[in-house]
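Accompanying notes for the structure given below.
The values are calculated or read from the model by the stated rules, or taken from the named source; none is laboratory data. On a predicted model such as this, the values are computed, not experimentally measured, just so you know. FYI the Cβ positions are ideal-geometry reconstructions off the backbone, even for glycines, and counts take in every protein chain you see. Areas reflect the complete protein model, heavy atoms only, side chains present, ligands, DNA and RNA absent. Shrake-Rupley method; radii C 1.70, N 1.55, O 1.52, S 1.80 Å.
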Amino acid sequence: MTEPDVEEPLLSPGERAAINNGRWFSSLSPALRHDILRCMYVRRYRHGEQIAARGELPVSWMACARGAVRLSSTGGSGKEITLDYIEPGLWFGELSLIEGDTHTHDAWAQGDTVLLCVGKADFERVLAAHVELYAAMLRLQARRMRKLFEIVEDLNGLPLRSRLAKKILHLCRGHGVKEASPCGEMPGTRINLGLAQQELARLVGGARQRINLELKTMEREGVIEVESCGVVVRDALALQRISQAPGAIGLQPAASGTGRH
């Protein structure tokens with residue numbers, strides 16, 4: 001694991017709010033939340049720094065308090081696949097701790113990133129002291145399994161345009177920042193990740209050239225705005241319709257289905 005430049009004992013008020021307001025963490029009892037926060041430590045990473053490496057033994061259970069964590073994997077061919085972006089308020093890394101096995105993927109800081117960490121020994125002590133945490137972990141894993149099944153279903157059942165629209169919506173909800181509307185323009189939500197088209201291609205399982213064509217089509221339709229540093233969503237409702245209506249696509253696949261990636 002790459003060591004950060006700075007290690008601090010406390011979260012800032014905004015970072016603590018991101019943790020406390022997280023859907024899963026906020027569902028825990030006050031006593032359990034208190035015991036988790038009492039043994040935490042904070043690590044701060046610059047953009048692109050590695051947080052954890054596939055094959056390494058885990059040292060902590062983590063939650064994102066600011067920025068984002070990019071989860072990725074590299075296949076035998078050397079091709080890197082981006083699995084997901086962890087947003088503020090989400091916890092990760094407990095599976096390897098519970099299994100007593102190595103990390104299954106790499107984790108990287110996307111932007112300046114702050115993590116709340118609970119060491120392995122403290123994680124085990126909290127788990128032993130709070131039976132409630134076992135059921136909470138099951139709920140956390142159940143949500144992830146639902147998400148995994150949905151991703152597999154989308155890869156096999158949706159054309160690229162719909163998959164891309166759905167992924168942009170997901171990123172917008174988790175990493176979107178509302179921006180002021182220029183005169184005469186629709187208000188927008190900027191995906192605050194600085195994603196290149198290649199990174200979007202890795203997320204949805206498509207070629208970068210096809211992603212570029214689909215993004216330009218959506219931009220002409222006024223649904224999104226493509227910038228050098230990422231995407232601004234201008235019409236979320238239209239994006240939702242694209243994600244749910246495979247037949248209404250800008251680039252129609254061939255009848256044989258060869259246009260699907």
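Quick look at the numbers
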quantity	calculated
Selected from A121, M62, L193, residue furthest toward positive end of dipole (the chain; charges at beta carbon)	L193
Charge sum, other residues only, whose C-beta stays under 15 Å from W61's C-beta, Lys/Arg counted +1 and Asp/Glu -1	-1
Computed [θ] at 222 nm, deg cm²/dmol, the chain (DSSP H ≥ 4; -39,500 (n - 2.57); rounded to nearest 500)	-12500 deg cm²/dmol
Farthest positive-ward along the chain dipole, Cα basis, beta-carbon charges - from V42, G230, L169	L169
Members of K79/K166; K166/K216; K178/K216; K79/K178 lying beyond 27 Å, as alpha-carbon distances in this model show	K79/K178
Label of the coordinate-derived value, semi-axes √(5λ) of the Cα gyration tensor in Å, listed as [x] 25, 21, 17; [y] 40, 25, 16; [z] 35, 21, 18	[z]
Cut-off 14 Å (backbone N to label point 7 Å along Cα→Cβ of V226), residues of the stretch 158-179	161, 164-165
Dipole magnitude (debye, nearest 20) for the chain, charges at Cβ of Lys, Arg, Asp, Glu	760 debye
Rounded accessible area per residue of the chain, 1.4 Å, Å²	51 Å²
Summed residue charge, Cβ within 15 Å of R146's Cβ, Lys/Arg positive, Asp/Glu negative	+2
